[in-house]
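In what follows, a single structure is set out as structure tokens and then discussed.
What follows is calculated from the coordinates using simple rules that are stated; it is not laboratory data. None of the values given here were measured: they were computed from a predicted structure. Neighbour counts are summed over all protein chains in view; Cβ atoms, including those assigned to glycine, are modelled from backbone coordinates with ideal geometry.
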Amino acid sequence: MMDLTSLLVSITISLVTFAVYKAWRKNRYWQERGVPHRKPWLFLGNKIVPFLTKKTGGELIAEMCKEFPNSPYIGGYDFMKPILLITDLDIIENILIKDFMHFTDRGFNVDFKNRPFDSNLFLMSGKHWRAVRHKLSPLFTTGKLRMMFDSMKQCGDQLVEQLEAANRQEIEMKEYLRCFAVDVIGSCAFGIDAGTLANPKNEFHKMAKKIFKLDLWQIIRLILLTTFTPIARLFNISINKRDVRKYFCNIIDETLKYRRETEFRRNDFVQMMMQLQSQGYVEIQTKDPADYYLGMEQSTYTTWKYEMSDEEITGHAFTFLSLGFDTLLHTMLFALYEFAKNLEIQEKARQEILIEMKSTETMTYQTLKEMTYLEQCVKETLRKYPPAQVLIRVCTKDYTLPDGFKIQRGQRIMIPIIYLHVNPNIYPEPERFQPERFDPDSSLHSCAFLPFGNGPRICIAMRFAMLEIKYCLAKLLMNYRFQINNKTKEPLTLNPKALLTEPNENIIFNITKIE
Ligand code: HEM
């Protein structure tokens, strides 16, 4: 009779053999469909955790795309999940814009019903996303941006005051820019004076910095949420760190309570969301109760009512906060770096700013709008250093590509922004910083420049982000000249441990005050 040890050994061997066979079968997915792909590793797919390499996840994906320059789409494996990478601009346009109804979601599976504090437009799907997007879009109209501009200006004045107080010629701008961005979003999202420019060591700044800090547990959480979604749901995994969420939720709760009790009003996201909440529910007409609004072939309509709760307001305010500084801070930092490397471009941008400022006492929303060359410089920065390196979609309704290839419902799609933005066929000499690429009369494909995505799921805060970046750069260029200090280690590389694009090296500037 077989003893217990032999039994356990045979069971283990059988299980391992079965797992290896399953992984091997999965790894043949693209081969069986005739889609060009790089050979995956067993269980790990193509994405060897960026921690083990010196490249970011996006750079690894771009390398794969470069291997097949003539293919409009490429197969890849995220662990054992097949992903389809799209590189052809016309197909991208169809997916993001024209045939959006087949690709409405990003494929996260977050349980918002039981975790309203995790409410995050980026992660939402289907009818829930549509209702919330509809509710939140009015937060970013021109009128609202003009109102927020005043808060930005106060922070800009403080930024220059702090730089003057530091009175240094050799400076790392990163922490100053972070404090500026944290104070702006603190003011615009919650209506509070976060005070980080005045006191960079305060708790608000400490917690804000932690949001995007990738530790091992955060990486595991992200892998579970993106690749093993049923497990994430089963264990009620949250994308946010517990202490960070608790800290900011308390602030927002207190703000809501205070405003209700005192009827105090302020032009910020919290206030605007309270107003939207008091306007009542959004009614969404959907055709198929099983597949919500994607079931276009169904003939019966159903109505779904969506109302925003206090917990959701907190969740959205927290989302705005978390997305509202790392993206902006690094774009401003990379822009200053490029200005410091390209002194003629820096001077041209400064002259434009000074000319626009001649006819006005202080900088206004309108003056900033007239600074078109500065805007081109920001766009060129976002081309070279897109904060998000890929766009994500999931196929929500079966779809056929122009060549007859069928994308099945549930298929995950990635659009490698980081590859498109340095493709020499789209942008000749991609390494050069050349704001002229974005001249108003240049004819770029609608999906060649995607730092904010495109289509109905484009970044909801794009105009807010552009406004803040332009304002901060204009304020700095008016007051200082920037050059690279030779202690900066070049060429710059990207930090493989960061979720968003950021430099691995400390960028040190020599700054000179303009009298
Ligand atoms: C330079 C700054 C920023 C960049 C480059 C950026 C980029 C992006 C990108 C690439 C997406 C996905 C778009 C798509 O899938 O098509 C996105 C979505 C989003 N962004 Fe931004 N973003 C920036 C700043 C901000 C700020 C400041 C906020 C909030 C105040 C914000 C809030 C959001 C939200 C809520 C979404 C989800 C939209 C939806 O799914 O409907 N972003 N952003």
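Round to a whole angstrom and tell me the spacing of the C-alpha centers of region 476-515 and region 133-149.
Going from one Cα centre to the other spans 32 Å.
Output ³J(HN,Hα) for region 59-73: one whole-Hz value per residue in order, computed from phi by the Karplus curve 6.51 cos²θ - 1.76 cosθ + 1.60 with θ = phi - 60°, and x for Gly and Pro.
Karplus-based 3J(HN,Hα) across region 59-73 equals 5, 5, 5, 4, 4, 4, 4, 5, 5, 10, x, 9, 9, x, 8 Hz.
Among rounded, prolate and oblate, which fits region 1-127 when a ≥ b ≥ c are the square roots of the eigenvalues of its C-alpha gyration tensor, a/c under 1.5 means rounded, and a/b larger than b/c means prolate? Show your work: numbers first, answer last.
Working: a/c = 2.28, a/b = 1.45, b/c = 1.57.
Oblate, since a/c reaches 1.5 and b/c is not below a/b.
When the helix-only estimate is applied to the chain (DSSP H runs of n ≥ 4, each -39,500 (n - 2.57), divided by the residue count), what is the mean residue ellipticity at 222 nm, nearest 500 deg cm²/dmol?
-14500 deg cm²/dmol
Given H placed on each backbone N at 1.01 Å, which residues far from His37 in sequence or on other chains put an amide H within less than 5 Å of it?
Gly75
Exposure proxy check: Asp326, Asp3, Asp193, Asp78 ranked by fewest other beta carbons within 10 Å?
Details: Asp326 23, Asp3 8, Asp193 16, Asp78 19.
So the ranking, lowest neighbour count to highest, is Asp3, Asp193, Asp78, Asp326.
What list of ³J(HN,Hα) values in whole Hz, one per residue of region 117-128 in order, does the Karplus curve 6.51 cos²θ - 1.76 cosθ + 1.60 (θ = phi - 60°) give from phi, with Gly and Pro shown as x?
With the stated coefficients, region 117-128 comes to 5, 8, 3, 8, 3, 4, 8, 6, 10, x, 5, 4 Hz.
Taking the Cα centroid of region 385-429 and of region 196-238, what is the distance between the two, rounded to the nearest whole Å?
26
Of Ile192, Gln158, Met357, which is farthest towards the positive pole of the chain's charge dipole, taken about the Cα centre with +1 and -1 on the beta-carbons of Lys, Arg and Asp, Glu respectively?
Of the options given, the answer is Ile192.
Give me, ordered by chain and number, the residues 5 or more places off Asp105 or on other chains with an amide H under 5 Å from its own placed amide H.
Amide H to amide H, under 5 Å and 5 or more residues apart or across chains, Asp105 pairs with Val394, Thr396.
Among Leu234, Ser10, Ser119, flag the residue with its Cα farthest along the positive direction of the charge dipole of the chain, charges on Cβ as +1 for Lys/Arg and -1 for Asp/Glu.
The residue sitting farthest along the positive end of the dipole is Ser10.
What ranking do Val270, Val390 get, fewest neighbouring Cβ atoms within 10 angstrom at the top? Numbers along the way, then the final one.
Values: Val270 23, Val390 19.
Sorted ascending by nearby Cβ count, the order is Val390, Val270.
What is the magnitude of the charge dipole of region 45-513 about its Cα centre, with +1 placed on the Cβ of each Lys and Arg, -1 on the Cβ of each Asp and Glu, and no other charges, expressed in debye to the nearest 20?
Computed charge dipole of region 45-513: roughly 940 debye.
At most 14 other Cβ atoms within 10 Å and a DSSP loop assignment: could you name the trypsin sites (Lys or Arg not before Pro) in region 455-514 that fit? Intermediate results must be reported in sequence, preceding the final value.
Details: sites: Arg457, Arg463, Lys470, Lys475, Arg481, Lys487, Lys489, Lys497, Lys513; in loops: Lys487, Lys489, Lys497.
Passing both the DSSP loop test and the Cβ count: Lys487, Lys489, Lys497.
Using only Cα atoms, tell me the angle between helix 343-358 and the longest principal axis of the chain; keep it within 0 to 90° and round to the nearest 10.
Once rounded, the angle reads 60 degrees.
Please give every one of the lysines within straight-line cross-link reach of Lys406, meaning a C-alpha to C-alpha distance under 16 Å, and leave out same-chain neighbours fewer than 8 residues apart.
Counting by Cα, and skipping residues close in sequence, Lys406 has these lysines nearby: Lys397.
Using amide H atoms built 1.01 Å from N in the peptide plane, name the residues 5+ places from Leu494, or on other chains, whose amide H lies under 5 Å from its own.
Under 5 Å from the amide H of Leu494: Asn504.
When the Karplus curve 6.51 cos²θ - 1.76 cosθ + 1.60 is applied with θ = phi - 60°, which whole-Hz ³J(HN,Hα) does each residue of region 133-141 get, with x for Gly and Pro?
4, 4, 5, 8, 3, x, 5, 10, 6
For Trp30, Trp41, what ranking results if the residue with the fewest other Cβ atoms within 10 Å of its Cβ goes first? The partial results should precede the final answer.
Values: Trp30 20, Trp41 14.
Going from sparsest to densest Cβ surroundings: Trp41, Trp30.
Answer with one residue from Thr142, Gly58, Pro69: the one whose Cα lies farthest towards the positive end of the charge dipole of region 41-164, charges on Cβ with Lys, Arg +1 and Asp, Glu -1.
It is Thr142.
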